[in-house]
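Bear in mind these aren't lab numbers, they're just calculated from the coordinates by the rules spelled out. From a predicted model like this one, the values you see are computed outputs, not experimental measurements. Heads up, the Cβs are rebuilt from the backbone with ideal geometry, glycines too, and the neighbour counts pull from every protein chain shown.
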Amino acid sequence: MNFSSKLLEDAVNEFGKLPGIGQKTALRLVLHLLNKDQAEVSQFGNTLIKLKNEIKNCSICHNIADEEICSICTALKREKDVICVVEDTRDVMAIENTNQYYGVYHVLGGLISPMDGIGPSDLNIEKLVERVRTSEVKEIILALSANMEGDTTLFYLHKKLKDFNIPITTIARGIAFGGELEYADEVTLGRSIVTRVPYENTLIK
C-alpha cells in the first residue's frame, strides 16, 4: 500500500497492530479520525491514555476494574461462595450478558498452552488456590473455552482443587469443541451455565 504521507502510514501501521484489523480497515479508521474535529480526536486519544494509566485489576478476582476491588466482588447481592473461573475479562462479560449467573469470578489471565510458552505459573492459578483455601466456597465452576488449551487448563485446575472437597463443576458442552466462550450466543452460554455438570463426569474413565 502506497502512502502519500509518512504520518498517515505510521498511523495506519499502529492501527494495523490491533487484532482483526487489516491495512484496509486501519486506513479507513485513520481517515475517519482525520475527518473529525480536533476536540473529538483529542478525546479519543485521551480516553485511551487514561485507560492505560488508570485501569486496575481487581485484587480479589483479577477482573479489569476502575477501583482496587471490582463492582462484581463488592456487589451485596452476589453469591460470594460460588466462584466461576474464566480465561479473561471478555468471558466475564459474556457470562454476565446471559443474566444466568449470580456468583463471583476468578480471572486466570489466559490458558495453559505449552506451544505458546504459557505454563501454570504464568496464570492466576495459585491465587485461586489461596482464595479457595482462605474463603468459604461451596462451588467452583470451571467455565473455559472448549478447545485443547481449555481442556488442559481444566484438568490442571481440577488436580489443584480436588483435595478441598468442594464441588467442581464445568459448563455443559452446548459449546462446540474449538469454540471460544466469548463468541457463544447468550442463550447457549446461559444454558451451559445453568446445566453445568460435575467435572468428574466429563473425564474419560
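In straight-distance terms, cross-link reach from LYS138 covers every one of the aspartates and glutamates whose alpha-carbon lies under 14 Å from its own, apart from those fewer than eight places away in the same chain; here that gives GLU79, ASP81, ASP163.
Here the extension length gained between ASN53 and LEU18 equals 10.7 nm, from 0.36 nm per residue of separation less the Cα-Cα distance.
When the Cα positions of ILE55, ASN35, SER145 are compared along the charge dipole of the range 1-156, ASN35 comes out farthest toward the positive end, with charges on each C-beta of Lys, Arg, Asp and Glu. Please label the shape of the range 1-137 as rounded, prolate or oblate, based on the square roots a ≥ b ≥ c of the eigenvalues of the alpha-carbon gyration tensor (a/c under 1.5 means rounded; beyond that, a/b larger than b/c means prolate, else oblate). Prolate. Pairs exceeding 26 Å between alpha-carbon atoms, taken from LYS56/LYS127; LYS50/LYS77; LYS36/LYS56: LYS50/LYS77; LYS36/LYS56. For the range 6-54, rounded, prolate or oblate, judged on the Cα gyration tensor with a ≥ b ≥ c (square roots of eigenvalues), a/c < 1.5 rounded, else prolate if a/b > b/c? Verdict is oblate for the range 6-54.
Counting neighbouring Cβ atoms within 10 Å and putting the fewest first, the residues LEU27, LEU76 line up as LEU76, LEU27. Pairs of Cα atoms nearer than 8 Å and 6+ residues apart set the relative contact order; for the chain it is 15 percent. Helix 148-161 and the long axis of the chain differ in direction by around 40°, with both axes built from C-alpha atoms.
The Cβ shell under 13 Å around LEU29 holds other residues with a net charge of +3, Lys and Arg each +1, Asp and Glu each -1. Taking a straight line from the alpha carbon of LYS6, these aspartates and glutamates sit under 17 Å away, with near neighbours fewer than eight places off in the same chain left out: GLU14. Against the main long axis of the alpha-carbon atoms of the chain, helix 6-15 sits at an angle near 10°.
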